[in-house]
Amino acid sequence: MKIICIGRNYADHAKELGNNLPTEPLFFCKPDSAILPKGNPFFIPDWTQEIHYEIEVVFKVNKLGKFIQPNNALRYISEVSIGIDFTARDVQDELKKNGHPWEKAKGFDGSAVVPEKWIPLSEVDIHNLSFGLKKNGTWVQQGNTKNMIFKMDAIIAHVSQYMTLKIGDLIFSGTPEGVGKIATGDVLEGFIQDERIFELKIK
Ligand code: MG
């Protein structure tokens, strides 16, 4: 399976990092080895001084597809939840400056927090879904999918022009504003519509 991540999909987050708004969905991939094993804490790697959390709504692909049309696109996803796209921001800034690919900063081991609990799409309105992240008990990110620049139909249609979507693939749909640094001892909690989906310790 692969993990497809959408970048700069919330205007206020693009602004906080000084990026222009994209004119088409911006995506990159994490390898399956990036998935943090269930129940494990996240260990800050020693090659970075600045790991950022990015809380994101995650969709699970349930159907094989290529060249998917927007009007059909939502049939290719079945469940939704939230996860974290951990990012080594210092490393990413250096890579961006040099025009290099982001994999080192985005695809390292443990960088994809994938929830154990999933919600069927039939139970929620994916175009008006609130979600957020607490750090040490305080809200640090709160978003709503209604503010996504590119909606899931446009994302699926776009990505599938280049990459075949396969059953079990995950799509991280972008983070809202409020990203920030983690430190040893922090506890992160992810919420979707006031329901706590995960708790994660940082070591
Ligand atoms: Mg992200």
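The values are calculated or read from the model by the stated rules, or taken from the named source; none is laboratory data. Quick caveat, the model's predicted, so the values are computed rather than measured. Don't worry about glycine lacking a Cβ; one is built from the backbone with ideal geometry, like all the others, and counts go over all protein chains shown. Note: areas computed on protein heavy atoms with side chains; ligands, DNA, RNA excluded. Shrake-Rupley method; radii C 1.70, N 1.55, O 1.52, S 1.80 Å.
For first residues located in the stretch 1-14 and touching a residue at least 12 places away in the same chain (Cβ under 8 Å), partners that are among the aromatic types (Phe, Trp, Tyr) and within 8 Å of the ligand (Cβ to nearest atom) and lie 6+ apart or on another chain with Cβ distances below 9 Å form the pairs Ile3/Phe172; Ile4/Phe172; Cys5/Phe172; Ile6/Phe172. Can you tell which of Lys106, Lys97, Lys117 is touching a residue at least 24 places away in the same chain (Cβ under 8 Å) and more than 16 Å from the ligand (Cβ to nearest atom)? None of the others qualify; the one that does is Lys117. For the stretch 48-58, does any single residue satisfy the condition of being of a type in the set (Asp, Glu), within 16 Å of the ligand (Cβ to nearest atom) and closer than 22 Å to His158 by Cβ? Yes: the stretch 48-58 contains one or more residues that are of a type in the set (Asp, Glu), within 16 Å of the ligand (Cβ to nearest atom) and closer than 22 Å to His158 by Cβ. Evaluating Glu56 against the criteria (1) under 14 Å from Thr175 (Cβ atoms); (2) within 17 Å of the chain's Cα centre (by Cα); (3) open to solvent by 50 Å² or more (accessible area, probe 1.4 Å) leaves one unmet condition, (3).
With a requirement of 3 or more residues that are more than 18 Å from Ile167 (Cα to Cα) and open to solvent by 30 Å² or more (accessible area, probe 1.4 Å), the strands (runs of 3 or more DSSP E) lying completely within the stretch 69-156 that satisfy it span 130-135, 138-144. Pairing residues of the stretch 74-89 that are more than 11 Å from the ligand (Cβ to nearest atom) with residues that are open to solvent by less than 30 Å² (accessible area, probe 1.4 Å) and of a type in the set (Ser, Thr, Tyr), at Cβ distances under 7 Å and at least 6 apart in sequence or on separate chains, gives Ala88/Thr48.
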